[in-house]
Structure formats: C-alpha cells, structure tokens
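A.B. asks: This is the structure I want to talk about, given as structure tokens.
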Amino acid sequence: MEEILNSEANKSCANCGAELKFKPGSNQLTCEYCGYEEFIEQTKSSFEELELEHYLKVVGENAYTESIDLLHCKNCGANQHVEENYKSLNCVYCGEPLIREDIEKEGWILPGALVPFQLDGKKARSIFKKWVSSIWFAPNNLKRAALDPEGLRGLYVPYWTFDSNLYAEYQGQRGDYYYETQKVRTKNGTQTRQVRKTRWSRASGTVSGFVDDILINASEKKRREIPAKIAHWNLKELAVFNSKYLAGFVTEKYTISLKDGHHRSFQEAKDIAYNWIRRDIGGDTQRIGHADIKLSDETFKHILLPVYISSYRYSGKEYLFYINGQTGALSGSRPYSFWKIFFLVLFILVVIVLIAIFAQ
C-alpha cells in the first residue's frame, strides 16, 4: 500500500492573512479582501497516465494515494470536500446543511489532472440570471434565487479517463442496396415503383487503433447525473493536479470505484470497436455476427472537471441547474408557476368574451 499523504494546507495571504482562493481563468490564487495575487507553481510539466493493471490487480479497487477530508450529505449521499475554512455550507446538490463536525477522513486515488475553472462566480450567475429571465412562467422565487450569490456553487466533479490499444477480429455481412422495378395495381390502373432491396455478402477482418480518453463519470447519484448537454470539456486544457486549484470550490469524491469505472469504459470501447468494424465492412448497411475485442496497454487517470450547480425547491420538488465551468454551457429543469399560467388563461378568456360581446 502506498504511503498516505496529507492534503496541502490552505494558503494564507502574505498581506492580510486571509485565505487565498483560486482565480478562475488564470494560474493564480487571489485574496478577496486586499487583492493580493500569487502564482500557482507547476511541480510537473505534464500529468501522468497510470498503469491500470497495477491498480486493479496489485493494489485493488479501493487503492488510495492520499487522505481527504469529506463531508457526507445524509440526504442525497454526495461526498464533498472543501479546501477552505468555512462557517456554514450546504450540499451543492440538494441544499441540505453540512456540519463541519461531521468531517471524516477517507482515502482516494489522487487526481492526476484537472480542468481549472475558467468562469468566476460572477460570470456564472450572469449566465444563470439571463437564462432565468428568458423562460416563461417562471416562479418569482426562482428569479430571486438567480440573484442569490450563495445559491450557485462551483464544484469539481470526479471522472475516470481510460486509454488503450484496441484490436478486434470480426465476422459479419456487408449489405449493398439495389432497386427493382415492380408493377402494382391501383384504382387509377397499373403503376410502377422502385423497391429497395439489399444484397448481402460475407465479410471478415480485423480493426485496430488507439482509444484515447474514454470519459466515465465517477460520481453516481440517483436523478442527479450531469446533463449530457453540458458534459463536454476540452481535455486538452487539463492541468497537472495542484490542490491550490481547489481553493474556493467544492470537490466531490468518486463513488464509482476504479474497477467499476473500467467495466463501464469497456462498454464504451466496444461501441467504438463496432463503429470501426462497420466502417471497415463498408457498403450501405452492415451486420456484425461476432467480434472478439481485446484491449492492451491500458492506462487511466482520475481527473476533476468544473461545474457550477444551483439547486432550487418549488412545490415540494427539487430542480437542479448546471453550468459548465469551462465553456459556460447551461442546462436545467425548470418549474412553472401555476398562478401565472392560470391568470394568463383567465385573461385570454376575458378578452375572447369581450370581443364576442362587442362583435354582436
């Protein structure tokens, strides 16, 4: 078992002693009180791809290389870490209060890299506010929530990425379309039409290539999956992990083990292999009867990706809003105000009645 290392201590401002926080869109820490800024020194020039076989077979799925302080939300189950000292904090997913005295130390596989936040909280709130203002029949409480600076929290979401060489032998069939002219009887007489048919021929062969960065969400939360609409990050912007990037944000620990993440990545690799096979078979359509897929030289990374989240409750139901912390893409479910819709329908009915009266 590798030695457990302690997380880097919080950095204090050299001028006033307040805690420094990461400044989105930069490689700097900044002080919110006096404006002092400090560069984050990069200890490595590039992040490391870890050998998957070692972690799966030798160390095991519960391997860890560092200890981390975690707060476990008793309501929704999310495991959250906060780099800064705080007096109060609510769960980023459900808003449940988290108590500092409930902190537990747990081991985790140290992230190899992260995509730093490019949007600060002010810009994220501006995007959220603009979206809320554009939707019809939104409750007034939702519009007030968009103005609440504490209602939107920056969260680093854990992901596994897997790389490998892929080789597959396959057997299948190639389908080529052709058309036959057929005569059909209609009420207007005999007519001709073109009917498409498929000519099948046997096909077999091999495909191979490098599969890069299969991305697997490492945090499993019922009904709280990161929406596909915003789950696109430019992984070329990955930076070597440094805990200073976490200052001022919440970090979630993975709940899907490396072993389970690897199993899910194979399903993704299988889909990639089938796409390669179909392209290799060619023709207009394809049938794959058998495919023997093998992966080799597998590596993985544990990475953190930036998201802003706002949770909102209306009429006993929870709504979540997400903003990609790198691109600014937004996705969310929205509530409707019953009374706004009711009074609009009532107004329309009154107008129709008045028009009918004056039309007589």
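The values are calculated or read from the model by the stated rules, or taken from the named source; none is laboratory data. Not measured: the values here are computed from a predicted model. Neighbour counts run over all protein chains shown; Cβ positions are idealised from the backbone, glycine included. In case anyone asks, the SASA skips ligands and DNA or RNA and just uses the protein heavy atoms, side chains included. Shrake-Rupley method; radii C 1.70, N 1.55, O 1.52, S 1.80 Å.
A.B. asks: Given (1) modelled with pLDDT of 75 or more; (2) more than 30 Å from Pro227 (Cβ to Cβ); (3) of a type outside the set (A, V, I, L, M, F, W, C), identify the lone condition not met by Gln360.
C.D. replies: (1)
A.B. asks: Which condition number in (1) assigned to a strand (DSSP E or B); (2) modelled with pLDDT of 90 or more is the one that Gln194 fails?
C.D. replies: (2) is the only condition that Gln194 fails.
A.B. asks: Turning to a different aspect of this structure: If you go through the stretch 145-180 one residue at a time, how many are open to solvent by 90 Å² or more (accessible area, probe 1.4 Å) and modelled with pLDDT under 90?
C.D. replies: Final tally of qualifying residues: 2.
A.B. asks: Go through the stretch 181-202 and report how many residues are surrounded by 10 or more Cβ atoms within 10 Å (Cβ to Cβ), of a type in the set (S, T, N, Q) and more than 30 Å from Trp276 (Cα to Cα).
C.D. replies: Here the count works out to 2.
A.B. asks: Whether any residue in the stretch 196-205 is in contact with a strand residue (DSSP E or B) (Cβ under 6 Å, 6 or more places away or on another chain), over 21 Å from His290 (Cβ atoms) and β-branched (Val, Ile, Thr) is what I want to check.
C.D. replies: Looking through the stretch 196-205, none of the residues is in contact with a strand residue (DSSP E or B) (Cβ under 6 Å, 6 or more places away or on another chain), over 21 Å from His290 (Cβ atoms) and β-branched (Val, Ile, Thr).
A.B. asks: Next question, about the same structure. Which of the residues belonging to the stretch 196-239 are within 19 Å of Gly112 (Cα to Cα) and among the charged types (D, E, K, R)?
C.D. replies: Asp212, Asp213, Lys236, Glu237
A.B. asks: Restricting attention to the stretch 152-182, report how many residues are within 28 Å of Thr192 (Cα to Cα) and β-branched (Val, Ile, Thr).
C.D. replies: 1
A.B. asks: Restricting to the stretch 243-269, what's the tally of residues that are touching a Pro at 6+ places or on another chain (Cβ under 7 Å) and either open to solvent by 10 Å² or more (accessible area, probe 1.4 Å) or of a type in the set (A, V, I, L, M, F, W, C) (or both)?
C.D. replies: Result for the stretch 243-269: 2.
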